[in-house]
Amino acid sequence: METAERLKSKEDEIVIALAGNPNAGKTSVFNEITGARQHVGNWPGVTVEKKEGYLTYKGARIRVVDLPGTYSLGAYSEDEAVARDYILFEKPDVVINIIDATNLERNLYLTTQLLEMGANVVIALNMYDELKAKQIDVDTSKLSELLGVPVIPTVATHSQGMKELLTRALQAAKAKERKPLKINYGKEIEAELAGIEQEILSNLRLVETFDPRWLAVKVLEGDEGVIEGLEKYPGLNKLLARRDEALKRLEGIWGGRR
């Protein structure tokens with residue numbers, strides 16, 4: 001049994017998860033901010049490696065969880081499932097999204113998924129030196145404004161931007177929860193999403209765990225990983241029946257093309 005002191009320590013701990021595409025420099029960021037204070041194991045039930053690190057910064061105890069590198073959160077692979085489930089169910093205080101600055105468009109796909117699911121995101125625009133070497137300039141202030149989250153230029157391999165990144169992550173952890181990003185999918189799809197969302201809002205247990213809008217999108221698109229995770233919740237059959245009705249209407253509009 002854990003002692004009261006240990007439980008208090010956990011309550012005071014700030015948890016930061018690192019998420020990013022493979023080869024975006026996530027491991028370099030992890031090593032730079034945690035140093036030798038690391039623990040390596042495996043995620044429960046899978047063979048995917050789990051790395052955690054610890055540090056104290058500006059008086060805050062921080063646990064850093066290095067999520068598997070992934071291009072999306074669609075849960076089509078073990079890595080994707082581990083990353084998404086951790087953010088969804090463990091709800092880290094902050095997700096630092098490491099982005100390869102030289103491949104901005106490809107990397108931002110994962111970013112939009114993180115924002116859509118309601119994660120508290122801070123962006124590390126990494127490999128910024130390589131971007132500058134190509135004489136390309138990114139307006140980080142404008143990018144931050146468009147996404148609604150802090151964007152910090154970093155060069156993890158040279159320790160550049162790490163202090164500012166941690167500072168902004170701590171600020172984000174103490175700030176009020178951000179509203180999830182809402183992507184407009186068009187009139188017809190939005191109408192069906194609204195119906196599915198209303199069904200979700202009538203289920204208190206679902207609302208306590210998931211952002212209703214994000215869950216409506218996942219249910220409509222038929223995300224098997226998410227739907228499988230809903231099996232323990234009451235009312236799933238009713239929700240899926242609502243989804244099936246929505247799909248029939250959409251197929252009637254587009255002739256079966258989704």
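The values are calculated or read from the model by the stated rules, or taken from the named source; none is laboratory data. Keep in mind the model is a prediction, meaning the values are calculated, not measured. Every residue, glycine as well, gets a Cβ built from its backbone with ideal geometry; the counts of neighbours run over all protein chains shown.
Worth pointing out:
- Residue match in region 152-165 (condition: buried (at least 20 other Cβ atoms within 10 Å of the Cβ), polar (S, T, N, Q) and part of a loop (DSSP other than H, G, I, E, B)): yes
- In region 114-126, the qualifying residues are those that are part of a helix (DSSP H, G or I) and aliphatic (A, V, I, L, M), and the one that is farthest from the chain's Cα centre (by Cα) is LEU115.
- Residue match in region 185-206 (condition: under 30 Å from ILE33 (Cβ atoms) and either surrounded by 19 or more Cβ atoms within 10 Å (Cβ to Cβ) or touching a residue at least 60 places away in the same chain (Cβ under 8 Å) (or both)): no
- In the set (1) outside any helix (DSSP H, G or I); (2) surrounded by 12 or more Cβ atoms within 10 Å (Cβ to Cβ), the condition left unmet by LYS179 is number (2).
- Condition met for ARG168 (assigned to a helix (DSSP H, G or I), assigned by TED's automatic domain parsing to the domain that holds PHE89, of a type in the set (D, E, K, R) and within 20 Å of the chain's Cα centre (by Cα)): yes
- Scanning region 114-134 for residues that are polar (S, T, N, Q) and surrounded by fewer than 24 Cβ atoms within 10 Å (Cβ to Cβ) yields a count of 1.
- Residue within region 106-113 that is assigned by TED's automatic domain parsing to the domain that holds GLU49, among the aliphatic types (A, V, I, L, M), out of contact with any Gly (no Cβ under 9 Å at 6 or more places or on another chain) and part of a helix (DSSP H, G or I) present: yes
- The set of residues in region 13-39 that are among the hydrophobic types (A, V, I, L, M, F, W, C) and touching a residue at least 12 places away in the same chain (Cβ under 8 Å) comprises ILE14, VAL15, ILE16, ALA17, LEU18, ALA19, ALA24, VAL29, PHE30, ILE33.
- Sole exception among (1) assigned to a strand (DSSP E or B); (2) at pLDDT below 95; (3) of a type in the set (A, V, I, L, M, F, W, C) for VAL226, by number: (1)
- Yes/no for GLY235 being at positive phi, assigned by TED's automatic domain parsing to the domain that holds ALA24 and surrounded by 12 or more Cβ atoms within 10 Å (Cβ to Cβ): no
- In region 77-107, the residues that are without any contact (Cβ under 8 Å) to a residue 12 or more places away in the chain and over 17 Å from ALA17 (Cα atoms): SER77, GLU105
- The listed residue being in a helix (DSSP H, G or I), outside the structural domain of VAL219 (by TED's automatic domain parsing) and of a type in the set (D, E, K, R), out of ARG61, ARG84: ARG84
- Scan of region 142-180 for residues that are farther than 12 Å from VAL121 by Cα and either basic (Lys, Arg) or in contact with a Gly (Cβ under 8 Å, 6 or more places away or on another chain) (or both), ordered by number: LYS142, PRO153, THR154, VAL155, ALA156, THR157, LYS163, LYS174, LYS176
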